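Novice: Okay, here's the structure, questions in a sec.
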Amino acid sequence: MLSPRWRKVVRDLWGNKLRTILVVLSIAVGVFAVGMIAGAQETTMTAMNGSWNSTVPANITLYTDLFDEDLLWTVRHMPGVADAGGKRTVAVRFKNPAQLAGLTTGGVDPAKWRNLGLTTYPDFEAIPVGKVFPQSGAWPPPDRQVLIERASLEWMGVKVGDTILAEASNGRQRELRIAGVVHDPGQMQASWNGQAAGYVSAETLKWFGVPQDFDQLEIIARPEYTDQKALARLSQEIRNKIENSGRTVYYTFIPKPGKHPAGESVEPILLVLGVLGSLSLALSALLVVNTMQALLTQQVRQMGIMKAIGARNGQITGIYCGMVVAFGLLALIIAIPLGALGARGLAQIMANLINFDVSDFRVPPSVLALEAAIGLAVPLLASLYPIISAARITPHEAMSDFGLSSARAARRPSRFAPTGRVAAPFQLGRVIGRPTLLSLRNTFRRKGRLALTLATLILGGAIFIGVFSVRDSVLATLDAMFNYVDYDAVMVFRRAYRIDQIEREARRVPGVVAAEGWRFDNARRMRPDDTESDPLFVRALPARSALVRPRLVEGRWLLPDDENAVVINTMLLKNEPDLKVGDPLKLKIAGKETDWRVVGLVADTPPLPMLHVNYAYTARLMGEVDRAGVVIVVTEPRDAASQTQISKALEAHFKSVGMETNYRQTSAEERAQIVARFDVLIIFLLIMAVLLAVVGAIGLAGTMSLNVLERTREIGVMRAIGASDGSVFQIVVVEGVLIGLISWASGALLAFPFGKLLSDAIGNITMKTAMSYTYSTTGLRLWLATATILAILASLLPARNASRVSVRDVLAYE
Amino acid sequence: MFGNQPRNGKGPRNGHYQHGNDHLIELHNVVKTYKSAAGAFTALKGIDLEVDSGEFVAVIGKSGSGKSTLINMITGIDRPTSGEILIGDTAIQNLKEGKLAEWRGRNVGVIFQFFQLLPTLTAAENIMLPMDFCHMYTMRERRERALHLLELVGVAEQADKLPSTLSGGQQQRVAIARALANDPPILAADEPTGNLDSKTADSVFGLFETLVHQGKTILMVTHDRDLARRATRTVVISDGEVIEEYLAKTFPMLTETQLKEVTRNLATEKHAPGAVILRQGMTPDKFYLITKGRVEVVLPGADGDEIVATTMIAGQYFGEVELRRGGHNIATIRADAVSGVEVAALERDEFERLLAASAATRDAIDQVVAARLAENQAARSQGRNHHA
């Protein structure tokens, strides 16, 4: 049987349901945010790495000249090698059935070729390394048919049974029927890199005129090769073995064992979300302080009575701490399942983006423990001081503070409230009306509570506007990126043509106002420790190019006389952080090792690791003097539709003069592709911002309810002297809106540094450089509307309650 | 079932409590000053008060006179700025807040004007709460005791109702039952009938009388002089000062200001049994008001022996005849041989100032003087005749 004091706790919780709901929601929001993000983090990382490891990922991947199964057999039997697999991926381009039928689907240009990587294995039934899993349809891929990776289907706009037209780099076109769907956890969404993944038999590749051999060697090391150094040694031995057979090894890749390669991108995003989750928690703690303070104010008299009948400070503290624990438990009941649901949703979004399956959505015990600790400890810590302070007041103080002009209220005249002498000269009441003047004064009456409510709303607003600023900054950064090369379309030829021919033919097409022939090469950095970097993109361009407007961070841009000078971009520093201006740089381009020197660092380029070199020197180095494989054009007009239309005309023209193109892209398309990547992050951030706005609204609703409750007697007196329902309603709503507006204005100021911090953090995570920071006026306006609407909504119920107060109620209030 | 000694002591030993106090409640020079933005306000100005076990004391005074503050001092709800409050064996001004709360829970039952029942607890639970806080009785006993107390105060059928469903009178009865929860020897009630209609107030008062009859000591603040008259003793408080009880009773025609002033000038004198206060033939210089015990009025017999002409009790006065008429004492006044006496003495100048300020009092005293002179004359001739 519960003792009377605990029965009091239970009945107090039940008796004031609105207050209980507000406190419980305040706590629940924080626990939910943390639970959702921590849960998503755990679930995502576990499932992502689990899915990755289920493929038996290679410890070492070597990209080489073509090799056959004999070499594979030899490598498999090398000491230190547990298993090895061969693989070949051939880049082709394709059009989907709707395109073939001349229909425009999903915004895809019917005439446009898109990229498809066709992969084959020696034996699909026994892939030892980097496994792919059949999902539906045929398995293994039947000859002259293709299986599509599941994360490519949507982007390709195809389904099983459709037929696509594919064209190899040798110009051979083949119709491929889509025979089934596979899951390759190593492949991300096709939309992210603009290339679909397909799986075909060696026979099918042969049908395209591509040799049946392999060019990727995937190695599983023996268990004793645990660290990167040992693996590097092993890879060197394998490399020697391959090179001894007369083949070149172009690139060696040693990933972090057991970790999905996308982990590096996912973790920082989850980290940023985690920070926002913690902020929600902090705000929810502020709310709890606010509500508990108000609750304790209401309970002060009861504390006095309890003390008068024998309760000690410790017992009073115990009762109210018990109440807080009860609030926490109720919040956990709501927050844990919702957090699990949120975590599930977030993990599912991640799973869709990164292409893994989440099978186990159970909340990990560590997350449950974290939620329980937060749900109980945070409110307890937040309210301990108000509880102890309240429990300490003497029964006399507790029971004497009543009446319209309590001693406490009289002791604290507001500096902000325009009262008496301050208001009189301005006759403020006449200007804005007495009820509004009263709202103005009421707003500043409980300054501590106002401060906490404002803190919640201001922080919520700052994050809200800040998130919009991140989005605007992304767009501004993209503007800067696209300003860096002032182009409208880029076209890649199937082979190099003479530059003067390329530029002349391009200018013949109506709408093309400028054209330059460039070289695009892939390179890898040969690091001083003998390891190789991921692929880097080399842009060989005329030093005096009219189209490039680099934003130099350090050093200088290319000069016409430069030979081995290279200008790197900030994104390259993400992978090669040790590089500095002035450093020597060894690059492997098309299997050839060459020496360079870094002369400059540029920012605001597309988010790819990029090297800029002098065209003339590079062409000479590659033995293709005056020839280029890429044309960069400027069109007039420059809108997206014109870009597409002119680039199509350009492609047709090149074809008509016998110059075969492989690939074309407009700047609008490239931009859309990049924006899509950031949108995912922005959506996550917006979810958090909305959550924070909700926290703020709960806080405001709580404050307004408590204000109304505390002023019941005062409202009754106002009614006794003739205040109408409307006046009372107005006084409360105007006060709420006033708080909303103050929070908006202050939040707008705080949003500036906060948005900068967030955008810098995200810029550094995604492109290793701070973004061009743009304060979002859209966010500012949107938050003004949101804050006002939330303030009105939050005040409606308290205002309704206030307008229902009768004089009789007030007389009975004591 | 109700003990009448504080629980933390064993009652007075050899007539004294632990701190040397003779009375259950003793206040010595208690001052309470409140500080506010408007300045300091002294609510109690050096109160001395003694209450014995089993007394039913009504504290009366105007609004703001300090009567509630006085009760709050005695219950420990508020603390004195200076002075000493001894309740049984406990000097409560020395207790820390936690100890004080526990002491209060066990020793003083507090009853408020607005009942102050916790709104979310039923009547029975409200009564069980002090037992819970002070760890008194077992869980089962608490409920049984709560029901018993409710029965005692006549609202047993309301045991499981919330306060909001009860009438004012029922709520106050529950509040009284709550005050009795831990069987404290003292009940302190601040305007307990102030919020009740006269019929209900009367019945609540009747309940207090029963409790006093059963041995409880009750201090009750009230502004209802009719009810106050039913208490065994009245303490009048005005502007933070206690007015001499018998002075107010004896000279009802004095204004409160005059009473306060006179009280301030009264000097308490204690005289041992048989001690002479005024001797016949001497020139008196004080007016005496008996506040406790008795005096004997002694006249000389014809053969030189002494005749006790009369005795006077608390509320009566002497010395006025000589002060008004002039000349020497017409009789010897001495403390009662058994009880001794306590008197409040007023110097001649102050006495004369009082009579100059209050014509009604002067007339009343002059009537008494005339009557006493006549009585004295009669007694003397009776003595002579008797002797003859």
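Novice: Out of the residues in segment B:119-132 that are crowded, with 24+ Cβ neighbours inside 10 Å and at the interface with chain A (Cβ under 7 Å from one of its Cβ atoms), state the one that is farthest from A:Ser3 (Cα to Cα).
Specialist: Here the residue is B:Pro130.
Novice: Only one residue in B:Leu129, B:Leu149, B:Leu117 is touching a helix residue (DSSP H, G or I) at 6+ places or on another chain (Cβ under 6 Å), assigned by TED's automatic domain parsing to the domain that holds B:Val212 and not in a helix (DSSP H, G or I), so which one is that? Give the steps one after another, and end with the answer.
Specialist: Values: B:Leu129 fails: not in a helix (DSSP H, G or I); B:Leu149 fails: not in a helix (DSSP H, G or I).
Result of the check over B:Leu129, B:Leu149, B:Leu117: B:Leu117.
Novice: Looking at segment A:36-44, is at least one residue surrounded by fewer than 24 Cβ atoms within 10 Å (Cβ to Cβ) and within 14 Å of another protein chain (Cβ to nearest Cβ)?
Specialist: Checking segment A:36-44: not a single residue is surrounded by fewer than 24 Cβ atoms within 10 Å (Cβ to Cβ) and within 14 Å of another protein chain (Cβ to nearest Cβ).
Novice: I need the helices (runs of 4 or more DSSP H) fully contained in segment A:410-500, keeping only those with at least 2 residues that are out of contact with any strand residue (DSSP E or B) (no Cβ under 9 Å at 6 or more places or on another chain) and at pLDDT 85 or above.
Specialist: Passing ranges, in order: A:447-484.
Novice: While we're here: Report the residue count in segment B:133-178 for those that are free of Cβ contacts under 8 Å to residues at least 24 places away in the same chain, surrounded by 15 or more Cβ atoms within 10 Å (Cβ to Cβ) and among the charged types (D, E, K, R).
Specialist: Matching residues across segment B:133-178 total 2.
Novice: Restricting to segment A:510-526, count the residues that are buried (at least 19 other Cβ atoms within 10 Å of the Cβ) and either among the aliphatic types (A, V, I, L, M) or out of contact with any helix residue (DSSP H, G or I) (no Cβ under 8 Å at 6 or more places or on another chain) (or both).
Specialist: 5
Residue-wise test of (1) in the same structural domain as B:Gly301 (by TED's automatic domain parsing); (2) under 18 Å from B:Thr268 (Cβ atoms); (3) surrounded by 15 or more Cβ atoms within 10 Å (Cβ to Cβ).
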site	(1), (2), (3)
B:Met312	yes, yes, yes
B:Gly327	yes, no, no
B:Ala331	yes, no, yes
B:Ala337	yes, no, no
B:Gly340	yes, yes, yes
B:Phe351	yes, yes, yes
B:Ala359	yes, no, no
B:Asp363	yes, no, no
B:Val369	yes, no, yes
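Novice: Could you list, in sequence order, all residues of segment A:1-20 that are in a helix (DSSP H, G or I), at the interface with chain B (Cβ under 9 Å from one of its Cβ atoms) and surrounded by fewer than 16 Cβ atoms within 10 Å (Cβ to Cβ)?
Specialist: Hits for segment A:1-20 are A:Val10, A:Trp14, A:Gly15.
Novice: While we're here: Please work out if A:Leu384 is under 27 Å from the mean Cα position of the chain (by Cα) and either over 15 Å from A:Ser284 (Cβ atoms) or surrounded by 19 or more Cβ atoms within 10 Å (Cβ to Cβ) (or both). Before the answer, list the steps.
Specialist: On the way: under 27 Å from the mean Cα position of the chain (by Cα): no; either over 15 Å from A:Ser284 (Cβ atoms) or surrounded by 19 or more Cβ atoms within 10 Å (Cβ to Cβ) (or both): yes.
For A:Leu384, the condition - under 27 Å from the mean Cα position of the chain (by Cα) and either over 15 Å from A:Ser284 (Cβ atoms) or surrounded by 19 or more Cβ atoms within 10 Å (Cβ to Cβ) (or both) - is not met.
Novice: Let me ask something else about it. Hey, among A:Ala723, A:Ala668, A:Ala689, A:Ala751, which residue is in a helix (DSSP H, G or I), over 25 Å from A:Val288 (Cβ atoms) and either free of Cβ contacts under 8 Å to residues at least 12 places away in the same chain or not β-branched (Val, Ile, Thr) (or both)?
Specialist: A:Ala668
The rows are residues; the columns are (1) at pLDDT 80 or above; (2) surrounded by fewer than 20 Cβ atoms within 10 Å (Cβ to Cβ).
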position: A:Ser235; (1), (2): yes, no
position: A:Ile238; (1), (2): yes, no
position: A:Asn244; (1), (2): yes, yes
position: A:Glu264; (1), (2): no, yes
position: A:Pro268; (1), (2): no, yes
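Novice: Looking only at segment B:202-223, decide whether some residue is assigned to a loop (DSSP other than H, G, I, E, B), farther than 30 Å from B:Met312 by Cα, more than 14 Å from chain A (Cβ to nearest Cβ) and touching a residue at least 60 places away in the same chain (Cβ under 8 Å).
Specialist: yes
Novice: Being at the interface with chain A (Cβ under 8 Å from one of its Cβ atoms), in a strand (DSSP E or B) and under 20 Å from B:Met220 (Cβ atoms) is true for just one of B:Val110, B:Val59. Which residue is that? Talk me through it step by step, then tell me what you get.
Specialist: On the way: B:Val59 fails: at the interface with chain A (Cβ under 8 Å from one of its Cβ atoms).
Residue meeting the stated conditions: B:Val110.
Novice: Can I ask one more? Which condition does A:Arg549 not pass, out of (1) crowded, with 16+ Cβ neighbours inside 10 Å; (2) under 28 Å from A:Ser759 (Cα atoms); (3) assigned by TED's automatic domain parsing to the domain that holds A:Ala616, if it passes all the others?
Specialist: That leaves (1) as the condition not met.
Novice: Identify the residue in segment B:72-94 that is under 19 Å from the mean Cα position of the chain (by Cα) and within 11 Å of chain A (Cβ to nearest Cβ) and, among all such residues, is farthest from B:Asp22 (Cα to Cα).
Specialist: The extreme case among them is B:Asn72.
Novice: Shifting gears a bit: With the checklist (1) in contact with a Phe, Trp or Tyr (Cβ under 9 Å, 6 or more places away or on another chain); (2) of a type outside the set (S, T, N, Q); (3) surrounded by fewer than 16 Cβ atoms within 10 Å (Cβ to Cβ) in hand, flag the one item B:Tyr317 doesn't pass.
Specialist: So the condition that B:Tyr317 fails would be (3).
Novice: Right, next: Which residue is farthest from A:Asn707 (Cα to Cα), if the candidates are limited to segment A:768-807 and must be in a loop (DSSP other than H, G, I, E, B) and charged (D, E, K, R)?
Specialist: A:Lys768
The values are calculated or read from the model by the stated rules, or taken from the named source; none is laboratory data. Fair warning: this is a prediction, and the values are worked out from it, not measured in the lab. Here Cβ is always computed from backbone atoms with ideal geometry, including for glycine, and neighbour counts include all displayed protein chains.
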